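The values are calculated or read from the model by the stated rules, or taken from the named source; none is laboratory data. From a predicted model like this one, the values you see are computed outputs, not experimental measurements. We place every Cβ from the backbone using ideal geometry, glycine too, and count neighbours over all the protein chains shown.
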């Protein structure tokens, strides 16, 4: 029986904003309180492989979108000893602006992307302003350039890309949204990305209002549960609670980086 290698997995916060609490849910219920929303990239680090999951956005995009850039992605990765220019493998969960920017940082990398996401982001749906709003034209064009440069590995559905690391097509929020399942010392951690923006979206089975297929969003919640070793192994894409539930790899990184391959710590247990 082959045993998967185990990886260290980190959530790296690079930006934040505030949302009205009801804006976290498609049904519009949840009150008028301002709640924080964080933006993350993730790093998967093993003995032989380092994968970066998503690439965030830069200062210009932060200004255009009225987001606060807390710490640039390159600096956040450097806190973990990761040189962005040396990264060889990048997983793009989907091509929205906050997951596929910073196109100049990863010049040596091959990018993993779903066929359906590329088709969606460059096809007829982008003629509609409401559907193209989460995308940045220049980021999409840069992805096309990578395709022409032979630097994109496309996937048509679920795929294992390294021992202990697999991609799972969920769709819903974006047509080609994929989650990432990682073997760790505590079991299989699933980076949900925007299949679940907040813990409340996942735990209450309530969709975030940005989506293209509601049925796939709802079915995706069940798929996340099936993929993960437990519900505690599902990591939402934008919830500040990730930095509270998981300890940093070093004390000085508290509030900036969470180590997800260790068991969560909660409230008074912290």
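Observations
- Here residue 152 meets the list (1) under 30 Å from residue 86 (Cα atoms); (2) within 17 Å of the chain's Cα centre (by Cα) almost entirely, failing just condition (2).
- Lone qualifier among 9, 73 - being more than 17 Å from residue 255 (Cβ to Cβ), buried (at least 19 other Cβ atoms within 10 Å of the Cβ) and touching a residue at least 40 places away in the same chain (Cβ under 8 Å): 9
- Cβ separations smaller than 6 Å between residues 6+ apart or across chains give the following pairs from the stretch 42-54 residues that are farther than 16 Å from residue 259 by Cβ to residues that are assigned to a strand (DSSP E or B): 49/162; 54/41.
- With respect to the conditions (1) closer than 24 Å to residue 111 by Cα; (2) free of Cβ contacts under 8 Å to residues at least 40 places away in the same chain; (3) out of contact with any helix residue (DSSP H, G or I) (no Cβ under 9 Å at 6 or more places or on another chain), residue 19 lacks only one, and its number is (1).
- Breaking point among (1) surrounded by fewer than 16 Cβ atoms within 10 Å (Cβ to Cβ); (2) in contact with a strand residue (DSSP E or B) (Cβ under 7 Å, 6 or more places away or on another chain); (3) assigned to a loop (DSSP other than H, G, I, E, B), for residue 28: (2)
- Pair list, Cβ < 9 Å and 6+ apart or interchain, from the stretch 134-156 residues that are at negative phi and surrounded by fewer than 15 Cβ atoms within 10 Å (Cβ to Cβ) to residues that are at pLDDT 95 or above and assigned to a loop (DSSP other than H, G, I, E, B): 138/101; 144/122; 145/151
- Residues satisfying the stated conditions in the stretch 214-255, i.e. touching a helix residue (DSSP H, G or I) at 6+ places or on another chain (Cβ under 7 Å), farther than 13 Å from residue 197 by Cα and assigned to a loop (DSSP other than H, G, I, E, B): 255
- Scanning the stretch 184-204 for residues that are touching a residue at least 40 places away in the same chain (Cβ under 8 Å), part of a helix (DSSP H, G or I) and more than 16 Å from the chain's Cα centre (by Cα) returns a single hit, 200.
- Wholly enclosed helices (runs of 4 or more DSSP H) of the stretch 91-183 bearing at least 3 residues under 24 Å from residue 15 (Cβ atoms) and out of contact with any strand residue (DSSP E or B) (no Cβ under 8 Å at 6 or more places or on another chain): 129-132, 137-148
- Among residues of the stretch 176-197, those that are touching a helix residue (DSSP H, G or I) at 6+ places or on another chain (Cβ under 7 Å) and either surrounded by fewer than 23 Cβ atoms within 10 Å (Cβ to Cβ) or over 19 Å from residue 134 (Cβ atoms) (or both), counted: 5
- If only residues of the stretch 41-64 that are in contact with a strand residue (DSSP E or B) (Cβ under 8 Å, 6 or more places away or on another chain) and assigned to a helix (DSSP H, G or I) are counted, the one that is surrounded by the most Cβ atoms within 10 Å (Cβ to Cβ) is 62.
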